[in-house]
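In what follows, a structure is listed as structure tokens, so that the remarks can point back to it.
Every number here is computed from the coordinates shown, using simple stated rules; none is lab data. Since the structure is predicted, the reported quantities are computational estimates derived from the model, not experimental observations. Reconstructed Cβ throughout: ideal geometry from the backbone, glycine too, with neighbour counts over all protein chains shown.
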Amino acid sequence: MNQRRLLLTSAMCSVIVLLSGRVEFAQVVDLLPNLTPQMASEISVVQDQTNGHILLRFAAVNRNLGAGPLDVHAGGVTGSGQQVYQRIYRTDGSYHDELAGTMTYHPAHNHFHVNNFELYTLTPAGEDRLVTGKTSEKTSFCLEDTTPIDLRLPGAPQHGVYTTCNPDVQGISVGWGDRYGPTLPGQSFDITGDPEGDYDLWIEADPGEQFFESNENDNMSCVRLHIDPTARTVQTLGTCGSVIINSITPNTIKPGTAINVTITGTGFTSGIAVGFENGTGPAPVASNVVVVNASTITAKVTVKSGGGKQTRYWDVRVGSGALFRAFTVKQ
């Protein structure tokens, strides 16, 4: 793959332009997509009513944050399926097509999927996903502009371009995402009989590197979860690895009142739990929790009246991270 990319890069042409009466060369370059999957969201543990199995369900959004669209076109039919070509646009308005795998028609879904486009893996926390992971059945997708991500990016259309799942042309525009909800086929793992514990849920875009991209090093996301299959509960602990809490501001409250706080740190992700531990008296309660980004959370903290008049200290808990004696309740 790397040799193939090198040949493509070296084959880029140049055009002659006149600037200030001089002859200069302006390089014509490929406008490549950049696939970056969001961490899994809308996560729940449910029972499959058809067979009684326990399922971990989740949604996935694959984003294109590159300079050009991911644009795929159907080619000829071979023994392995309908060929797929990636159409790569250039800065001079031209384009070239590169073979990038196959499409398969799924009768149950009544549309074509791009094979081997995305892969999900669930592993015990911290373990090698290639050794101990279980993979989802869904490794093929229909590509569409379903979710606006960042329409300020150069080249991002203000309205979706790829809006139907057809057998001829599919894709993801610059600044858009392709979302698959938690109830769709392939958006779950069977966790029947698995022990309660912490798990890592990985999402990898283009695992076979079939498509040309501007960056091949950001095709993976991972969220750490605490799952109890028996109780059918799941809690988001943050990004895989450690969640670190740096501060909570303000950090003092009077009993019987409520304040708005800002928590800073690293590894925060949507749905992460915020709480308080190891204090005395009525515990502070966090509500209206908003994960602004991976390093900032805002929330409303309320403490009921009661308890002794002495100053009471609480640890702040965000997912798997804790900040010792960081929050104070005092008269």
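Worth a mention:
- The chain, dipole about Cα centre (Lys/Arg Cβ +1, Asp/Glu Cβ -1), debye to the nearest 20: 1700 debye
- Look at Cys240, Cys142, Cys165 and count the other Cβ atoms within 10 Å of each Cβ; fewest to most, that gives Cys165, Cys142, Cys240.
- Full extension of the segment from Val292 to Lys134, taken as 0.36 nm per residue of separation minus the current Cα-Cα distance, would add 53.7 nm.
- Isotropic mean projected area of the C-alpha convex hull, the stretch 35-194 (nm²): 11.5 nm²
- Hydrodynamic radius by Kirkwood, which averages 1/r over all alpha carbon pairs of the stretch 249-331, in angstrom: 12.8 Å
- Amide hydrogen neighbours beyond the local backbone of Lys304, cut-off 5 Å, H modeled: Gly256
- In this calculation the C-beta distance from Gln235 to Asn116 is compared with R0 = 30 Å, giving a FRET efficiency of 0.40.
- Helices in the chain, meaning DSSP H runs of at least 4 residues, each add -39500 (n - 2.57). Divided by all residues, the mean residue ellipticity at 222 nm is -1000 deg cm²/dmol.
- Sites Tyr105 and Arg325 - FRET efficiency at Förster radius 51 Å, r taken between beta-carbons, to 0.05: 0.25
- Contour excess over end-to-end distance, with Cα ends at Asp92 and Ser44 and 0.36 nm allotted per residue: 12.6 nm
- A cut-off of 5 Å between modelled amide H atoms, ignoring neighbours fewer than 5 places along the same chain, links Thr262 with Thr249.
- Inter-site label distance for Asp315 and Met220 at 7 Å from Cα along Cβ, in nm: 3.0 nm
- Our coupling estimate for the stretch 61-70, obtained by passing each phi through the Karplus curve with A = 6.51, B = -1.76, C = 1.60 and θ = phi - 60°, is 10, 9, 9, 10, 10, x, 8, x, x, 7 Hz, Gly and Pro reported as x.
- Taking amide hydrogens as placed 1.01 Å from N in the peptide plane, the amide H of Tyr162 sits under 5 Å from those of Asp145, Ser173, each at least 5 positions away in sequence or on another chain.
- Treating each Cα of the stretch 193-284 as one equal point scatterer and applying the Debye formula with no solvent, the log10 of I(q)/I(0) at q = 0.15, 0.17, 0.23 Å⁻¹ comes out as -0.82, -0.94, -1.18.
- Estimated Rh, the chain: Kirkwood, alpha-carbon pairs, angstrom: 22.7 Å
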